[in-house]
4 protein chains.
Amino acid sequence: MTTVDLNSDLGESFGAWPMGDDAAMLDIATSANIACGFHAGDPDIMRKTVALAKARGVSIGAHPGYRDLHGFGRRAIPGLTSAEIENLVAYQIGALQAVAALAGHHVTHVKAHGALSNVGCADDMTARAIAAAIKAVDPRLTFVVLPNSALARAGEAAGLLVVSEVFADRAYDDDAALVSRGKPGAVLHDAGLIAERVVRMVQDRAIVSVTGKAIKVDVDTVCIHGDTPGAVDIARAVRQTLEAQGIAVAPFSSRV
Amino acid sequence: MTTVDLNSDLGESFGAWPMGDDAAMLDIATSANIACGFHAGDPDIMRKTVALAKARGVSIGAHPGYRDLHGFGRRAIPGLTSAEIENLVAYQIGALQAVAALAGHHVTHVKAHGALSNVGCADDMTARAIAAAIKAVDPRLTFVVLPNSALARAGEAAGLLVVSEVFADRAYDDDAALVSRGKPGAVLHDAGLIAERVVRMVQDRAIVSVTGKAIKVDVDTVCIHGDTPGAVDIARAVRQTLEAQGIAVAPFSSRV
Amino acid sequence: MTTVDLNSDLGESFGAWPMGDDAAMLDIATSANIACGFHAGDPDIMRKTVALAKARGVSIGAHPGYRDLHGFGRRAIPGLTSAEIENLVAYQIGALQAVAALAGHHVTHVKAHGALSNVGCADDMTARAIAAAIKAVDPRLTFVVLPNSALARAGEAAGLLVVSEVFADRAYDDDAALVSRGKPGAVLHDAGLIAERVVRMVQDRAIVSVTGKAIKVDVDTVCIHGDTPGAVDIARAVRQTLEAQGIAVAPFSSRV
Amino acid sequence: MTTVDLNSDLGESFGAWPMGDDAAMLDIATSANIACGFHAGDPDIMRKTVALAKARGVSIGAHPGYRDLHGFGRRAIPGLTSAEIENLVAYQIGALQAVAALAGHHVTHVKAHGALSNVGCADDMTARAIAAAIKAVDPRLTFVVLPNSALARAGEAAGLLVVSEVFADRAYDDDAALVSRGKPGAVLHDAGLIAERVVRMVQDRAIVSVTGKAIKVDVDTVCIHGDTPGAVDIARAVRQTLEAQGIAVAPFSSRV
């Protein structure tokens, strides 16, 4: 039986400011990528999110980003050395591990956030530093990456368990990279279409680029979003359609 | 043979702003309490400080404080719940553990910083929350506390290894609490006097209050400061005088 | 004809995190108190909020708070000197004045936010420092205060134009102070009841305490909230009921 | 008689962390560029620095930078829109104006800091946004720029008073741009050499590039540094040598 994980970026509130419907998404996702306080999140929100995940049997991972609360980690901070990226990533993973311990849960994966992920997909130095940080903190942590990216190569070179992620609602170019958000068609909005597309990607183990090119990739986990009420509905449709097609939805961390 | 530890608050720089002479103090202290980014420090400074400590065989501990970079953790942030204090403390310990892993070192103790320590000395709720966070993250961590304080009671009640600290250069009142910095005579400045006083505290296992009252306490570790060139000289005098008197200076973490 | 102002705390988003429905509230309120980046808001949100206010003819004021983004300015930061409070308040007023200039609008009032207001209502030193900052930056700025408070006294002593504010949905004790949010009945929720109560306060120039005591106060402006959809509906009901009762709703700044 | 201004970047401490010897530099410089809290500085440090400048008759200017306390404003934050740069700059100028009012002084110039200046020298959009912010806040503010830069062009196009700055201790390339700090010879260290070079630049109204090319520029103000004890000595030598050569040292703001 085919199995796939559904991962979602959660715990992205900050102080008095809520973001997203984490409770709803934790009924749909099987892995939660939790913001660690640098681009979003704080120790209290991390604790609440971890506790909700624990109660629903959802796996948790660190979602480290650049130190850029005001920019939500979406801006590439230039000039960081390899050691500085290692420190940034390790700090955030460790912080989540400790907060997870308070909630009786444990961190099983890491996925880079926003601009740190974008830079890491293309820049070997950044990718290797992220992988090195994960390995130093806990070499059993699974590294969630975009297929065919510098992150994937760095994770494999470091001997980490690497899990390959596709996006439910994002268009791909012919290099299996995401079409950038600014471009027309970069983000899909039709729930039915998105759900069908996810089923096809999981069954075919391939993504189809904007030009129609099929690119064989591992599809271990599908990224779903919950930042708007519409997004939660799409995520629910993705899960229901997968299950209706006989595809099991389960955390990758139990399978690796 | 009598043995005592010398601990010092280090890693208190931030970004472009240096503070203290960590390299000099790591030649004198046997345990380093490292700021974790909330009142001072950042991942890069933590990494450098841990690496220096590792190279000199100095034990390291987390030095968590309130989230108050601008106030250097010296202001009591009101209104935190027990869970919020747990989260604050756990986050910071975990962050240091992970950064320490990058430098091949490991965290063996925790000591609360500034206002968090002051509040924790008097307030049972705060003290218990700090102890609970330490226990959840790693119950083998040693908890450095002021003797006779709420922190000491909370640490013992939680079953933690509790280590009792005296201050080389601070006056005590009759309850073994520190005389607050504002009052005359609260801080001692004469290196010779300070060094002799430390030897007496270690040998007698007692502090002498400002009124002359001797109070029996455990003296496992002596806090020394390095924020000014004068402070480094005093710290060096303390160590030399202890050793000249036949008292061994060694990390408490090797003894517990 | 009786006239009253409706003021609302706006511009309380931060970076990627929205808060409140500022556009809706700017159709109801006649004065906007705009967060200045210390407890909420940032230069971009300030600019947008000012531009919206300008387009609707809504007066704007600075809403300075403690430097406490994580706590949303709701925690009393201890230990600030008089000069430090002056600096804190002046900085925020000036920042808004400059951003307002970009949007072709100008700041006409100041109202302290959250814990800074609460502390200022009771503590003369804090109240005088806030008034001194306003006076130094621009002595023509109107100072919005709770009646009978230390803020009111400090504003008058400084020779500032002082405007007296009542809260549409908050219960008062017999000293005309707000019943603290934790207590039962502190916050009213019934739109009809709130609207009637506001009309009565404006017409009688008095508040009625929880024990039924009528306290004569100036009622220059009524604070309305917009942080929830329900709150916006209440605010709209307040305005409609005032106008239905023949009370004009207009910015105080045009009247002073 | 030839006159020149000496400007220095001051007020770069933050909270508990001092930086530079502002008191010493305010005896040498005639214009102070004061950090406004985004890359360095805070309201209290701004107040103290302004008061020191006022007491010595030193002109003050805002020194706005990117929102990047951890990176000290030395990293180019990507992705800001023109309006966002305007907001960033206006906010910081206004904040300083208000704090200056508390100290009885007033802001007469603006100079962009660090990466914001570097980006502004080359990028027309950024340069125009900085100039637009200055003009909106107060069109009488003098704009301190590198000669031949996008900042200079934008300032002139906006109709601002533009003042041309040379660096005492930095090498120039053939386009009159600063040789970047990483390259050998980018920063000069010999006090005598630096002082002679400044005299020559002021007298000849030209800079000499690393290849020996003389480039005619206005030399209204010379940037001197005070971040190290050695730097203060160099700055003092520059001033003494200028005066010994019969060149008057005075704030540009009194001349424009």
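The values are calculated or read from the model by the stated rules, or taken from the named source; none is laboratory data. Treat the numbers as computed from the prediction; the structure is a model and nothing was measured. No Cβ is skipped: glycine too gets one built from the backbone with ideal geometry, and neighbour counts run over all protein chains shown. All accessible areas refer to the heavy atoms of the entire protein, side chains included, with ligands and DNA or RNA removed. Shrake-Rupley method; radii C 1.70, N 1.55, O 1.52, S 1.80 Å.
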| note | Among residues of segment A:127-147, a drop of 30 Å² or more in 1.4 Å probe accessible area, assembly relative to the chain on its own, occurs for A:ALA136
| Is there a simple number for the mean count of other chain Cβ atoms within 10 Å of the Cβ of residues in B:66-75, and what is it? | 5
| remark: A 1.4 Å probe over the protein heavy atoms gives segment A:25-113 a carbon and sulfur accessible-area percentage of 53
| said: As a test of the formula, what do you get for the protein assembly as shown when each DSSP H run with n ≥ 4 contributes -39,500 (n - 2.57) and the sum is divided by the residue count, at 222 nm and rounded to the nearest 500 deg cm²/dmol? | reply: -12000 deg cm²/dmol
| query | Semi-axes of the equivalent ellipsoid of segment A:1-71: what are they in whole Å, largest first, if each equals the square root of 5 times a C-alpha gyration tensor eigenvalue? | reply | 22, 13, 10
| query | Comparing the chain by itself with all protein chains present, which residues of segment C:76-91 are at least 40 Å² less accessible (probe 1.4 Å)? | reply | C:ILE77, C:PRO78, C:ASN87, C:TYR91
| Per residue, how much accessible area does segment B:1-129 have with a 1.4 Å probe, in Å²? | 28
| Theoretical FRET efficiency, 1/(1+(r/R0)^6), r = Cβ-Cβ of B:THR3 and D:ASP227, R0 45 Å, to 0.05 | 0.55
| request: Using Cα positions and a limit of under 16 Å, work out the aspartates and glutamates in reach of A:LYS48, with same-chain residues fewer than 8 apart set aside. | output: A:ASP9, A:GLU12, A:ASP21, A:ASP22, A:ASP27, B:GLU84, B:GLU86
| query | For A:LYS54, which lysines qualify as cross-link partners when the Cα separation must be under 30 Å and same-chain residues fewer than eight apart are set aside? | reply | A:LYS111, A:LYS135, B:LYS111, B:LYS135
| field | Among C:ALA24, C:ALA150, C:ALA40: highest mean-square fluctuation, GNM of chain C, C-alpha pairs under 10 Å | value | C:ALA24
| What is the local net charge at B:ASN7, summed over the other residues whose Cβ is closer than 11 Å to its Cβ (Lys, Arg +1; Asp, Glu -1)? | -3
| Average Cα contact separation per residue, chain B, under 8 Å, 6 or more apart, as relative contact order % | 22
| message | Can you give me the convex hull volume of the Cα atoms of the protein assembly as shown, divided per residue and expressed in Å³? | response | 192
| task | Averaging sequence separations of C-alpha pairs under 8 Å and six or more residues apart, then dividing by the length of segment D:136-242, give the relative contact order as a whole percent. | result | 26
| What distance in nm separates the simple spin-label points at A:HIS189 and D:ALA177, each placed 7 Å from Cα in the Cβ direction? | 4.1
| query | Between segment D:74-106 and segment C:127-146, how many Å separate their Cα centres? | reply | 22
| said: Can you work out the Karplus-derived ³J(HN,Hα) for every residue in segment B:200-211? Use 6.51 cos²θ - 1.76 cosθ + 1.60 with θ = phi - 60°, whole Hz, and x for glycine or proline. | reply: 5, 4, 5, 6, 8, 6, 7, 9, 10, 6, 4, 8
| message | How many Å² of accessible surface get buried when D and B come together, counting both sides, probe radius 1.4 Å, rounded to the nearest 100? | response | 1200
| At a 1.4 Å probe, which residues in segment C:1-30 are at least 50 Å² less accessible with all protein chains present than in their chain isolated? | C:PHE14, C:ALA16, C:TRP17
| query | What do you get for Rg/Rh over segment C:78-181 if you use C-alpha atoms and the Kirkwood form of Rh? | reply | 0.98
| request: Only Cα pairs under 8 Å and at least 6 apart count here; give the relative contact order of segment B:23-174 as a rounded whole percent. | output: 20
| task | For segment D:150-190 and segment D:27-50, compute the distance between their C-alpha centroids and round to whole Å. | result | 21
| query | Can you list the lysines whose alpha carbon is less than 22 Å from that of C:LYS183, not counting same-chain residues fewer than 8 positions off? | reply | C:LYS213
| field | Cut-off 15 Å between beta-carbons: net charge of the residues surrounding D:ALA55, Lys and Arg +1, Asp and Glu -1 | value | +2
